[in-house]
Amino acid sequence: MHPQSETPRKRAEQLPVSRRMLGRFALGASLASLAPFPAIGAVSAAPRFSVMGWALRGVPFERQLDVISRAGYQGIELTNEFRNWSKAELNDAASRIRSHGLVVDAMAGVRTGFARLGDTAQFLSELSQVIDSAGLLGCKRIILVSGAAPTDMAPAQQQAGVADALRKAADLAGAASIELLIEPIDPFENRTAFLTGARQAKEILGQVGKPNVKILYDIFHEQRAFGNVLETLELLIKDIALIHIADSPQRGAPGTGELNFAAIYRTLARLGYSDWIAMEFYPDGDPVAPLDVARHQAIEAMAR
């Protein structure tokens, strides 16, 4: 994920944990203790396909919906598009998304990373705001990135603090039946990031111990950071709830770089992956054609 540039936030958005959030914590902690987690994680028999909107660089939101729908996709993923929308504008956007036959399958928008342990209250406050927006948009999954690694703690202490912050986030999200997806970002894109790989994400999930916290496996970031994409898929598939697709090293369409996407898709099919697959590459020219080709390539490879 590579979020769009962001506008200054209103002062009210900087408030610490509120009474409303405390109520969510209590309800979320209760719901998160149930097994299985209600309404989250149920998947269809075959993967569904979406597009991360920010990757359609320079394309207005309404045009994005048209492009994604015409290319045969079922979902759109959002980053910061909704940040300054009013409640009425969020409701209007939800209506327009539905009119194109799409859903918001995941959204980002929490600016403060969960690894910034001195800013956990701010992280949770921003998450609460995104949960409110997600509810109006009909989205049940929120993408989180770690932000910068703490520099004044031993690694074990850092990871324990991160797990604690994510447990609080999971309880907050649980009250709204929201699933949290933690996304590693490769150090070439963000050299200060705490969470840089999927195997580290798996370790964190083990410490968090919440069923509504899963991994967003970004093929592009994992290849750039560590490689061994297929082996990591084999090891972590049960903890992966979303796949992001772009070829490495230039974030091009599948087949334009160094990755063998036919092998990746065949592996996903063999492992029984049936959740969302989101295209996050830079399409050349009219984006409808390359997006349509990428979707068909995935479907055909997974059917073999």
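Here are a few things to note about the model shown:
- Selection from the range 248-272 of residues that are in contact with a helix residue (DSSP H, G or I) (Cβ under 7 Å, 6 or more places away or on another chain), open to solvent by 20 Å² or more (accessible area, probe 1.4 Å) and within 26 Å of residue 144 (Cβ to Cβ): 249, 259, 271
- Any hit, the range 254-262, residues being within 19 Å of residue 198 (Cα to Cα), among the hydrophobic types (A, V, I, L, M, F, W, C), touching a residue at least 40 places away in the same chain (Cβ under 8 Å) and outside any strand (DSSP E or B): yes
- Residue count for the range 273-297 satisfying the condition of being touching a Phe, Trp or Tyr at 6+ places or on another chain (Cβ under 6 Å) and open to solvent by 20 Å² or more (accessible area, probe 1.4 Å): 1.
- Verdict on residue 269 being part of a helix (DSSP H, G or I) and either in contact (Cβ under 8 Å) with a residue 12 or more places away in the chain or among the basic types (Lys, Arg) (or both): yes
- Identity of the residue in the range 84-110, surrounded by fewer than 18 Cβ atoms within 10 Å (Cβ to Cβ) and charged (D, E, K, R), that ends up nearest to residue 166 (Cα to Cα): 87
The values are calculated or read from the model by the stated rules, or taken from the named source; none is laboratory data. Computed from a predicted structure; not experimentally measured. Ideal geometry is used to build each Cβ from the backbone, glycine not excepted, and the neighbour counts take in all protein chains shown. SASA here: full protein model, heavy atoms, side chains in, ligands and nucleic acids out. Shrake-Rupley method; radii C 1.70, N 1.55, O 1.52, S 1.80 Å.
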